[in-house]
Amino acid sequence: MRILLCNDDGYGSPGLEALIAAAGTLSTDIWVVAPDGKRTAGSHALTLGRPLHLTERAPQRFSCTGTPADSVAVAMSHLFAAAGRPDLVLSGVNDSRNVGEDMMYSGTIGIAREAAFWGLPAIAFSSDGAPDLTAAGRAWIAGLIRRLFESRAAWASPGHWLSFNLPANLPAPFKPVERIGSNKIGVRCDVVEQGGPTTTLIMPRGRQRTSEPGDENDLLSQGFAIYALQSWRAASVKSAELAAVIG
């Protein structure tokens, strides 16, 4: 089994190394392509019309100057152009949870979505800050990956991928996401420097979570490992009122 691993926290990040260790118990054909630095909120951006630098750090281990989604695109269009395609793409483990609005902002999920564009089974892993990624935690993740790969016909239909959020303590019981939470980032700008026509601003990483009983944030805070089957091919929401307006 050929496994491609990517992330948005950067090459060598603890979450990526833990995922590499877990995947390494399932296969010896492990490939890593990850950004050369942190790319939080990289979403699904691609670097087009500008140079990308791919650096081989070790056999089958590469860092890339681009975005998280570039990692998949570069792997598929360059590294695997003349070789066998990956059987599975793993993204993460992200160093914070990805819920609510993060589905659109997250580079971790953007990686899985890009893999789905290439017709590859993909699983994104995010965490509630600092999950237990010791030997026991890695073994639990490895077992989960194995079960999901063996049953991929049940979930990896065209345009679909899986997103998991892991609590701090592993192993953990599972809960499917039935109520979406809120986790909006970028709601505040701090002024760094101001003078003349240019103002320098910075948007902090922090966010104000909104949680209701039974939503993603609530379940994750209770210690559940939550998961969702996501798709970019979902049909447009039907609205009789909108149809009447448009005609």
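The values are calculated or read from the model by the stated rules, or taken from the named source; none is laboratory data. Every value quoted in this text rests on a predicted model; they were computed, and no experiment measured them. Ideal geometry is used to build each Cβ from the backbone, glycine not excepted, and the neighbour counts take in all protein chains shown.
Laid out as a table, the results:
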| read-out | value |
| --- | --- |
| In the range 1-24, the residues that are acidic (D, E) and touching a residue at least 24 places away in the same chain (Cβ under 8 Å) | D8, D9 |
| From the options R205, R188, R146, residue that is more than 25 Å from S231 (Cβ to Cβ), touching a residue at least 60 places away in the same chain (Cβ under 8 Å) and out of contact with any helix residue (DSSP H, G or I) (no Cβ under 7 Å at 6 or more places or on another chain) | R205 |
| Options R152, R233; residue that is at negative phi, surrounded by 13 or more Cβ atoms within 10 Å (Cβ to Cβ), under 19 Å from the mean Cα position of the chain (by Cα) and basic (K, R) | R152 |
| Condition met for V245 (farther than 19 Å from D95 by Cβ, free of Cβ contacts under 8 Å to residues at least 24 places away in the same chain and not small (G, A, S)) | yes |
| Filter result (closer than 21 Å to G42 by Cα and outside any loop (DSSP other than H, G, I, E, B)) within the range 196-226 | T200, L201, I202 |
| Selected residue (criterion: nearest to the chain's Cα centre (by Cα)) from residues of the range 158-176 that are free of Cβ contacts under 8 Å to residues at least 60 places away in the same chain and not in a strand (DSSP E or B) | P167 |
| Given (1) at pLDDT 75 or above; (2) surrounded by 11 or more Cβ atoms within 10 Å (Cβ to Cβ); (3) more than 21 Å from the chain's Cα centre (by Cα), number of the condition T198 does not satisfy | (2) |
| The range 107-135 residues that are at pLDDT 90 or above and surrounded by 24 or more Cβ atoms within 10 Å (Cβ to Cβ), paired with ones that are assigned to a strand (DSSP E or B) and of a type in the set (S, T, Y) (beta carbon under 6 Å, 6 or more apart) | T108/S91; T108/S126; I109/S163; I111/S91; A112/S91; A124/S91; A124/S163 |
| Residues located in the range 40-58, provided they are closer than 22 Å to E17 by Cα and either exposed (fewer than 11 other Cβ atoms within 10 Å of the Cβ) or of a type in the set (G, A, S) (or both) | A41, G42, S43, H53, E56, A58 |
| Unique residue being under 23 Å from G110 (Cα atoms) and either modelled with pLDDT of 75 or more or in contact with a strand residue (DSSP E or B) (Cβ under 8 Å, 6 or more places away or on another chain) (or both) when the list is A225, A240 | A225 |
| Qualifying residue in the range 81-91 (condition: at pLDDT 95 or above, out of contact with any helix residue (DSSP H, G or I) (no Cβ under 7 Å at 6 or more places or on another chain) and not basic (K, R)) | yes |
